[in-house]
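The numbers here are math on the coordinates, done by the rules we state, and not lab data. Since the model is a prediction, treat every value here as computed from it, not as a measurement. Glycine gets a Cβ as well: all are built from the backbone with ideal geometry, and neighbour counts include every protein chain shown.
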């Protein structure tokens, strides 16, 4: 069981931290897409006519995107060896 968890952590490390790999690039592009979606949601929500009509949908997307970012952060902390050092670093 421990070997499988280590293998998962190793694979996730490559995907999340190594942008020079194909999966790492795909992860970075997907993350940039989520960031752009978040910007669009925040901008649309600031327009009162759109907020009045789609406020609940935009609210859902804001929380969904927040959950995606939270999951990414938790995964980063879980797979890194020096957790506290990473958390207090610029990148953490």
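The one condition from (1) surrounded by 13 or more Cβ atoms within 10 Å (Cβ to Cβ); (2) within 19 Å of residue 74 (Cα to Cα) that residue 37 does not meet is (2). Scanning the stretch 15-29 for residues that are part of a helix (DSSP H, G or I) and farther than 15 Å from residue 73 by Cα yields 22, 23, 24, 25, 26, 29. Residue check: is residue 33 assigned to a helix (DSSP H, G or I), within 20 Å of residue 81 (Cβ to Cβ) and free of Cβ contacts under 8 Å to residues at least 12 places away in the same chain? Taking the combined requirement at face value, the residue does not satisfy it. For the stretch 65-81, the count of residues that are outside any helix (DSSP H, G or I), more than 12 Å from the chain's Cα centre (by Cα) and either in contact (Cβ under 8 Å) with a residue 60 or more places away in the chain or surrounded by 15 or more Cβ atoms within 10 Å (Cβ to Cβ) (or both) is nonzero.
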